[in-house]
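Asker: My structure is below; once you've seen it, I'll send some questions.
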Amino acid sequence: MRVLPLTLLLALAAPLAQAQIIPNLDLGIAGGVNFASLSDAGSFDLDNSTGYHIGLYADVGIPLVAFRTGVYYVSAGDIPSAVSVGDPDESVNFVAVPVDFQIKTPTPLVQAYALVGPEFRFPVDGLDTFDTNSMQLAGNVGLGVRGGVPLIGPSGFLELRYGRDFSGIRDTDSEDDVKVNLVQLRVGLGI
């Protein structure tokens, strides 16, 4: 008779234990504002922003780690024109594909996380200064907080990330090496 209560207890606990190792998938939309520096982002003054970004993301993870990728349209702001001194600034717009590795806290409803990973950038407008034959490479680091009911409800996140441009946006014939380094404040909503 003692085996029956123990069997029932194990049968009830098995799905909870298994839920800790099954990867969860979170799909959603995200967007936010770009800043030229961390001090501009820290002031939370939208007049200091250099542009915006918006896109879709997919987050796959288990309790302590996750991978997130996405596709974002980024309006990074204006850069000085390299054609001549009198020319107006040119705006930089590109599609960004970040691949982030996240380390998360093991808390169930609200998780803090740190992220690191590469970002691939593809120009979308006809700037003569873009090297359109190749993508640009950047790297991201950041901190965020994610909330939501695991496996059943919508989720959301708020993060601050820094993207450092490694390849630059000028082609090899230009003497000006312009890099687009961005501080991004991003909000995401999972569906």
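A short reminder: the numbers here are calculations on the coordinates, not readings from a lab. Source: prediction; values computed, not measured. Quick reminder, even Gly has a Cβ in these numbers, built from the backbone with ideal geometry, and neighbours come from all protein chains shown.
Asker: Ranked by Cβ crowding within 10 angstrom, fewest neighbours first, how are E159, E119 ordered? Don't jump to the answer; show the numbers that get you there.
Answerer: Details: E159 22, E119 25.
Ascending number of Cβ neighbours within 10 Å: E159, E119.
Asker: I've got another one for you. Just rank F166, F157, fewest to most, by other beta-carbon atoms within 10 angstrom. Please report the intermediate quantities before stating the final value.
Answerer: On the way: F166 12, F157 23.
The order, fewest Cβ neighbours first, is F166, F157.
Asker: Sticking with this one: To make sure I understand, if each residue's beta carbon is the centre and we count other beta carbons within 10 Å, what order do S91, S155 fall in, fewest to most?
Answerer: Details: S91 14, S155 19.
Final ranking by Cβ density, sparse to dense: S91, S155.
Asker: What spacing in nm lies between the two simple spin-label points modelled at T107 and Y73, each 7 Å away from Cα in the Cβ direction?
Answerer: Going by the 7 Å Cα→Cβ label model, 3.6 nm.
Asker: Right, next: Say each of A114 and I191 gets a label point 7 Å from the Cα, pointing the same way as Cα to Cβ; how far apart are those two points in nm?
Answerer: In this crude label model, A114 to I191 measures out at 3.3 nm.
Asker: Quick one: net charge of V110's neighbours, Cβ under 14 Å, K/R +1, D/E -1? Kindly include the intermediate steps, with their values, before the conclusion.
Answerer: On the way: positive: K104, R146; negative: E159.
Within the 14 Å Cβ shell, the charges total +1.
Asker: With a sphere of radius 14 Å drawn around the Cβ of R146, what net charge do the other residues whose Cβ falls strictly inside it have (Lys, Arg +1; Asp, Glu -1)? Walk me through the intermediate numbers first.
Answerer: Working: positive: R68, K104, R161, R186; negative: D26, D59, D100, E159.
Around R146, the surrounding residues sum to 0.
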